[in-house]
Each structure stands twice: as C-alpha cells, then as structure tokens.
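Presented below is the structure to which this report refers.
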Amino acid sequence: MAAPKKKVEEEKRKKFHINSKLKFVLLSSLAVFFLLIANSAIWVNKTIFNTQNFSQTTTDSLLSESSRNALANEVVDQALANRPLAKNVVQEPATKFISGLLATSQAQAGVQKVAAKLQIVLTSKNNENIEIDLSGIKQTVAKLIDLAGKEDSATKVEQVPDKVTLLDVSKLPKFYKLGTLFMWLAPITFISGLLILAWPHIKARKIRFEVLLPQGLIVLAGYLLGLLMGPLFRPPVLSQFSNTNLRTVAENLYNSFVASFNSQLNYMLGISLIMIGACIAVKVYNFIKSKK
C-alpha cells in the first residue's frame, strides 16, 4: 500500500509543479500583453494627439524625396491625363522639376497645413479628404512642364490640378473616441504589467533569479512581437490605395509612424535586457566565486 500511495503523492507534486510553471508563463504573458497595450496607448497620446510630434512626423514624411517624387508624378499624371504623347515626353523632367518645387518653403508651408488637417481628421469627426493645395504654384508647374517638353506639349494652367487628394478619410482609422480611454490605459496597464512581473520577487522578499531569467525572455519575446505589428498591419492599410503614386505617399507615412512606435517600444527591450543581464551577471559572479 505504501508504494502506490507514494507514487500518487509524487504524481500530485509533479502535476502541481507543471501547473505552477503554466501559471507563471500565463501571468508573465499577461504582463507583457499589458506592456504592449501601455506602449500603444502612450504612443497614441504622444504621437497622434500631440500636435507638435504629429506635425513633425507627417511633414518629414511628406517632404521626403520619394514622397515628393510620387506627388510630382501625380500632378503630371493629372495635368496630362488626356495627352499621352506629351506625357511620354515630359513625364520624367517635369516630375523632377515639380519635386524640387515641393521642397521650397512655399510648398513646405502647405505641407504643414496638410499635417495639421490630417491630425484633426484622425482625432475628431471631421470627414474632409486630405489634399495638397497647388493653386499657388500651378502657373509655375505649367511652365515647367512646357519647358521640359516640345512645342506641341504646351500645357494650359487650367489643366494643372488645384489640389491633389492624398488620402480618402473614409479609409483612415479614427482615434477621437479612444483618446480618453488611451489616456487612462497608459498608466494602468504599464503599472499592472510591472507589478505582475515584480510579484514573485515581492512575495519572496528577494530577487528570484531563477524566475527573473524566464521573465526577461518572455518580455523580450513580447518586444519582438511588438515589432511585428507594423509589418502585420501594412498590407491591409496599403491595400486601400489603388493609385501607385498615392500608395507610395501612404506607405511613407505609415512607415514613419511605425518607426516612432518601434522606437518607443525599446523600453520593453531595455527591461528585458536588464532582467537577462542581471541573471547572467549573478551566474558569472557565482561561477567566479566558486573557483576561488
């Protein structure tokens, strides 16, 4: 009778040990989930609702060379939509000219207005499409297109569009309903995540390095998962843009905001490296100590 009883007790201990590990992994994963939510909430408040940061990110993206080239190409496409022969002649040189114009201070002021309007659209019920106003430079654009082509490619000022629509706001996410929620979520989820990670050490009243190492690895896995969010959402976002030129502009904007999200996500990388580094340092210290 003693042997079966002992076997049952061993199985119970083993089962308890497995359940404890599972509980530990689930709690650590929950902590990482909270940290990812905190990162998203902080990013929305810091980047989307902060006018200065939003304007800087958007303006830098729209004034990048590839965005200016795409916008210039779109202007030429619209101006010469009904004149394919002239378009073949002037497409490349005219695009370069217009791209250069978009880098001027006059155009930059217009881009900054676009950035301000885009933020309003994202953070309110405003449903106006995002457009770049070309009325101030359309005469120059028409002349440059003429200079870049032949005599038979003369372009009327009226043919140059007054504005180019960058984004259809119906395809954009709305953050205004989530603003207050994210404001509360940021500190709550961040503190909750850290408390869950700290609980085993608080309970033991000391740093449990055998627990700290797997926790650090789980946080590192969460950081890598966070980095995958940008590539994961890129296809459905860009699939909304069938126009090649505007798709380029949208992709540059998307990449700029994802870059700021990933940059902020580095705090999770820092937490994980500190946790893992502390464990490695203790193991090295104990190893050196044992050799003395």
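Data overview
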| read-out | value |
| --- | --- |
| Considering residues of the stretch 171-218 that are more than 26 Å from the chain's Cα centre (by Cα), without any contact (Cβ under 8 Å) to a residue 12 or more places away in the chain and farther than 13 Å from Ala31 by Cα only, the residue surrounded by the most Cβ atoms within 10 Å (Cβ to Cβ) | His201 |
| Residue within the stretch 207-224 that is among the aromatic types (Phe, Trp, Tyr) and at pLDDT 90 or above present | yes |
| Any hit, the stretch 231-239, residues being assigned by TED's automatic domain parsing to the domain that holds Ala41, surrounded by 14 or more Cβ atoms within 10 Å (Cβ to Cβ) and closer than 23 Å to Ile42 by Cα | yes |
| Residues (more than 21 Å from Ile48 (Cα to Cα) and free of Cβ contacts under 8 Å to residues at least 40 places away in the same chain) located in the stretch 248-272 | Gly270 |
| Residue match in the stretch 251-269 (condition: outside the structural domain of Ile130 (by TED's automatic domain parsing) and farther than 27 Å from Trp43 by Cβ) | no |
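Residue-by-condition table, conditions (1) buried (at least 18 other Cβ atoms within 10 Å of the Cβ); (2) aliphatic (A, V, I, L, M); (3) touching a helix residue (DSSP H, G or I) at 6+ places or on another chain (Cβ under 7 Å); (4) without any contact (Cβ under 8 Å) to a residue 12 or more places away in the chain:
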{"position": "Lys23", "(1), (2), (3), (4)": "no, no, no, yes"}
{"position": "Ser28", "(1), (2), (3), (4)": "yes, no, yes, no"}
{"position": "Phe34", "(1), (2), (3), (4)": "yes, no, yes, no"}
{"position": "Ala38", "(1), (2), (3), (4)": "yes, yes, yes, no"}
{"position": "Asn50", "(1), (2), (3), (4)": "no, no, no, yes"}
{"position": "Phe54", "(1), (2), (3), (4)": "yes, no, yes, no"}
{"position": "Thr57", "(1), (2), (3), (4)": "yes, no, yes, no"}
{"position": "Leu71", "(1), (2), (3), (4)": "yes, yes, yes, no"}
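The values are calculated or read from the model by the stated rules, or taken from the named source; none is laboratory data. Quick caveat, the model's predicted, so the values are computed rather than measured. Virtual Cβ from ideal backbone geometry, glycine too; neighbours counted across all protein chains shown.
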